[in-house]
Amino acid sequence: MQKIKNYINGELIAPASGEYLDNYNPAEGKVYSYTPDSNEEDVKAAVGSARSVFQEWSTMPVRQRADLMLRIADLIDRDHEKLALAESVDNGKPLKLAKRVDIPRASANMRFYATGILHFASESHQMDQEAINYTLRKPIGVAGCISPWNLPLYLFTWKIAPALAAGNTVVAKPSEITPMTAYLFSELCIEAGLPAGVLNIVHGMGGKAGQAIVAHPDVPVISFTGGTATGRQIALTTAPMFKKLSLELGGKNPNIIFADCDFEEALHTSIHSSFANQGEICLCGSRIFVEETIYDKFRDEFVNKVKNLTVGDPLEEGTKVGAVVSEAHRDKILSYIQLAQEEGGQILTGGAQVTVPGRCEQGHFIAPTVIEGLDAQCRTNQEEIFGPVVTLMPFRQEEEVIDYANSTAYGLSATIWTGNLKRAHRVADQLKSGIIWVNCWLLRDLRTPFGGMKQSGLGREGGWEAMRFFTESKNVCIKM
Ligand code: NAD
């Protein structure tokens, strides 16, 4: 069986301990490869290697850095099919989705920051006739980048690309649950001629390899995407060390549907925003609020459409909902479905595991689930489930739905469906979410800042914000 390797100092190597973790194909429920169970020693080697080339990488002409990153993007495009297949097998997501979203976005991330850095600029300020200030933004050093399993290569590149473009060297850790595409990415970096040590990829458990990166004194900047509880743990470690920290965390996003919306569009897109990637996208709208006058019609048509979503083998063309990422995650989702019923919710469709006959018989599949009859404050409507489960709730007034929407500890994204432009602006202004979509979902302009409010995160990524995050600034003040 294939053994994934760490990528340290330009080489693909076994973990120091020689220990490996099982890597599962969730659609089959079977181990199909092994992941390094890296420890502090591997992280130490990776940080040492990243430190040793920081001077070379950070002073390399920007154009040359950009060209190397663009070469990696070209190789991602060349290996598009292979990477998409690996992503689907590792994660359980439909192959079609990996081909259409995950892999193209991974190469887009590399291209965006490779070209973005060519145009990076910082400010100067003149103080009357007295002095001129200019701001210098310099790369910081070794950046630690830690990513989750739901969009493996997409989010991995989202973290490392701005760090590398800005001139930092990187020690990165993909999720131990979906390590394969980051491993294939390390092979592409070697092929592209990325100098040894510029990017190091250490595989393994969060509490061991991840924690060692976060706690390492020579890693002054950490960019993390994952769960809120993990983010809290990381903040506890980094705060006394005064590290620069960006946290992209969980969500419990509202999808607000007013009666004056384009009904068909709202219905169609809500299917995607609820169940794309098995609902395992941090930006999925898991709480659907529908204005009372159209509630029954929306509910009935929505449930009908959900019943028609094909749950099946991720590699099959017609599959809309693949496997959830692991057995443990399947059990977590099922426990929330159970909780929803205990809290008085009625399951309108779904609510159980699905057996997919054939090679996927042992896989972890859950039927897309729609629940109604719960109040906004119950745990089902407050906690992140991160699976193919949504709740439906009617509302009467704008103020009421804004309260519902803002009632959780999270504030990642929100969607508003309305034909009333003034209302769209008014409601968007009052929602406590880092990104708000009006009459659309998941459109992302990479130039715009991205990040959550409240317990959904700290700091902003995307565009200039990300490149600035990975620099430290100083002001030079010159007397005129
Ligand atoms: P997770 O927090 O369990 O793990 C994320 C990463 O952190 C993994 O690589 C893991 O190994 C590592 N990790 C775990 N404990 C660690 C520690 N103590 N120190 C350092 N690293 C550690 O999250 P997950 O289950 O992989 O991902 C799902 C979560 O990610 C959901 O909550 C989802 O909403 C969130 N997410 C957020 C965004 C966003 O942009 N805001 C995007 C995708 C996913």
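The values are calculated or read from the model by the stated rules, or taken from the named source; none is laboratory data. Predicted model only: the values in this text are computed from it and were never measured. When we count neighbours, we look across all protein chains shown, and the Cβ atoms used for this are built from the backbone with ideal geometry, even at glycine. For the accessible areas, the whole protein counts, side chains as well, though only heavy atoms, and no ligand, DNA or RNA atoms are used. Shrake-Rupley method; radii C 1.70, N 1.55, O 1.52, S 1.80 Å.
The alpha carbons of segment 416-480 stretch over 54, 28, 22 Å along the principal axes, in descending order.
If R0 is 60 Å, what FRET efficiency do you get for Asp375 and Met480 from their C-beta distance, rounded to 0.05?
The pair Asp375/Met480 has a calculated efficiency of 0.40.
A 1.4 Å probe over all protein chains sorts His329, His268 by accessible area into His268, His329, starting with the largest.
Counting heavy atoms of the protein chains alone, Met69 has an accessible area of about 0 Å² for a 1.4 Å probe. Dividing the Cα radius of gyration of the chain by its Kirkwood radius returns 0.99 for Rg/Rh. Output the Kirkwood hydrodynamic radius of segment 296-366, Cα pairs only, in Å rounded to one decimal. This gives a value of 13.4 Å.
Considering only Ser122, Met480, Pro254, the residue lying farthest towards the positive end of the dipole of the chain is Met480, judged by Cα position with unit charges set on Cβ. Take the Cβ atoms of Tyr134 and Glu343, set R0 to 60 Å, and the FRET efficiency comes out at 0.55.
Rg and Dmax over the alpha-carbon atoms of segment 44-113 stand at 15.4, 42 Å.
Computed across segment 87-141, the Kirkwood radius stands at 15.1 Å (inverse of mean 1/r, all Cα pairs).
One Cα centroid belongs to segment 175-240, the other to segment 247-297; the line between them spans 32 Å. Set the Cα radius of gyration of segment 25-78 against 2.2 N^0.38 Å, with N its number of residues, and you get 1.74.
Compare the Cα positions of Met205, Thr135, Ala323 along the charge dipole of the chain (+1 at Cβ of Lys, Arg; -1 at Cβ of Asp, Glu; about the Cα centre) and return the one farthest towards the positive end. Going by the Cα projections, it comes out as Thr135. Exposure check, 1.4 Å probe, all protein chains in place: Glu28 carries approximately 40 Å² of accessible surface.
Electrostatic tally near Ser246: other residues with Cβ closer than 10 Å to its Cβ, Lys and Arg +1, Asp and Glu -1, net 0. Label point of Arg51 set 7 angstrom out along Cα-Cβ; within segment 215-257, amide nitrogens under 19 Å from it belong to 215-223, 238, 241-244. Beta bridges per DSSP, both residues in the chain: antiparallel share near 45 percent. In segment 84-231, the DSSP beta bridges split such that about 25 percent are antiparallel, to the nearest 5. Summing Cβ point charges (Lys, Arg +1; Asp, Glu -1) relative to the Cα centre of segment 254-445 gives a dipole of roughly 220 debye. Heavy atoms of the protein chains alone define the surface here; on that basis the chain has 40 Å² accessible area per residue at 1.4 Å probe size.
Annotation for segment 351-369 versus segment 417-432: alpha-carbon center distance of 39 Å. About its Cα centre, the chain has a charge dipole of approximately 1160 debye under the convention of +1 per Lys or Arg Cβ and -1 per Asp or Glu Cβ, with nothing else charged. For Lys93, the lysines whose Cα comes closer than 16 Å to its Cα, not counting residues fewer than 8 places off in the same chain, are Lys30, Lys82, Lys320. If I model a spin label at Arg63 and Glu399 as a point 7 Å from the Cα along the Cα→Cβ vector, what separation in nanometres do I get? Here the answer is 6.1 nm between the modelled labels. Taking only the alpha carbons of segment 254-445, we obtain Rg and Dmax values of 16.1, 53 Å in that order.
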